[in-house]
Amino acid sequence: MAGEAPEPREAQPLSEPTAALQPLPHVWRTIFLRLLMCLSIALTFGSEVALAQETSVEAPVVTPYRPSVSTPAALSAPGWLEIEAGWFSANGGALPRREALPYTFKLAFTPDWGIRVDGEAVVLVPDQEGQTVAGFGDTTFVLKRRFAVDDRSAFGLELQVGTVTAEPPFRSSSGRTDYTVNGIYSVDIGDAYHADFNYSLTRLGAVGPAEGRDQKLWAAALSRTLGTRWGIMGEISGTDQTGVARTRQFLLAASFTSKRSVSWDFGVARGMTAASPAWTLFAGVTTFFRLF
């Protein structure tokens, strides 16, 4: 999904090649995490340059998908490459500590058709000796279709292909290609509230003994605008899979749209089952560049 998943799949044992990974010194770990700040500044500066070149065209408003697990039925503005970048740290629960810099590239061709690429630029996890190691995450490609009901509600359909681009300790996928169909319903409630409901079915490429190959994910989010710049959001989500402990998560976030081209977000998620990360902290930014 666009935002932080309820929880990554349990880390697989280190294979022979990844066992040779060098532990990441604390100073480098700090540098990796602070790359988010540099990237955010670069994205903000870049969007200002892009908008300055488009003085004759009224700029749209960004359409953030992060930081929720669910995604809205709406697409970003056609012709504008929308970029999301962030940081999250998940701790506690049955899974090991995991930190990452997730990213998303969104491009809509029309108000109803678009594509998306989701991934993790850097992932930090502990190895078998408790030392922190770093690597790249997996990558997901998404084709999205919106079906408008009226000017306040719409359905959406996403076809996702999750590819393996990470070594075993850094994966969030099954370890082989995963295929997902995600159904969406979004609706505006009054002048200040908005709700998104997602239900997805993933056909996992690889599973363990006695584990079902189909994984179900559901999410329901309710957001409220506070004036013209601030917003708050709450979401509950979870996964279900035969032979695997179910997960449940509650997420609370706030957003600040500093200008039409930039939206910041931050928040916390609390796991509600033993298989979910106990706590997840996150922050990020969404901006865009005009392509056509």
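Just so it is clear, none of the values below were taken in a lab; they were calculated from the coordinates. In this text the structure is predicted, and so the values were computed from the model without any measurement. When we count neighbours, we look across all protein chains shown, and the Cβ atoms used for this are built from the backbone with ideal geometry, even at glycine.
What to note about this one:
- Proximity of backbone amide H atoms, modeled 1.01 Å from N, is registered between Gly212 and Thr242, Gly243, Val244 at under 5 Å, excluding neighbours fewer than 5 places apart on the same chain.
- Gap separating the Cα centres of the stretch 219-271 and the stretch 67-127, nearest whole Å: 13
- Fewest-first sequence of Asp191, Asp196, Asp138 by Cβ atoms within 10 Å of each Cβ: Asp191, Asp138, Asp196
- Taking Asp214, Asp178, Asp118 and counting other C-beta atoms within 10 Å, the order from fewest to most: Asp214, Asp178, Asp118
- Per-residue 3J(HN,Hα) values for the stretch 140-155, derived from phi via the Karplus relation 6.51 cos²θ - 1.76 cosθ + 1.60 with θ = phi - 60°, read 10, 10, 10, 10, 10, 10, 9, 10, 5, 9, 7, 7, 10, 8, 6, 9 Hz in sequence order (x marks Gly and Pro).
- Sparse packing (at most 11 other Cβ atoms within 10 Å of the Cβ) combined with a DSSP loop state is found for the following GluC sites (Glu not before Pro) in the stretch 86-147: Glu129.
- The stretch 137-242: trypsin sites (Lys or Arg not before Pro) in DSSP loop, at most 15 other beta carbons within 10 Å: Arg152, Arg176, Arg213, Arg229
- Across the stretch 213-226, rounded Karplus estimates of 3J(HN,Hα) from the backbone phi angles (6.51 cos²θ - 1.76 cosθ + 1.60, θ = phi - 60°) give 7, 9, 10, 9, 10, 10, 7, 9, 10, 10, 10, 9, 7, 10 Hz, Gly and Pro being marked x.
- Remark: Met272, Met233 ranked as Met272, Met233, counting other beta-carbon atoms within 10 Å and listing the fewest first.
- Under the Karplus curve 6.51 cos²θ - 1.76 cosθ + 1.60, θ = phi - 60°, whole-Hz ³J(HN,Hα) for the stretch 63-75, x wherever Gly or Pro sits: 10, x, 9, 6, x, 6, 6, 6, 10, x, 6, 5, 9
- The amide H of Phe88, built 1.01 Å from its N in the peptide plane, has Ala100 as neighbours under 5 Å, considering only residues 5 or more places off or on other chains.
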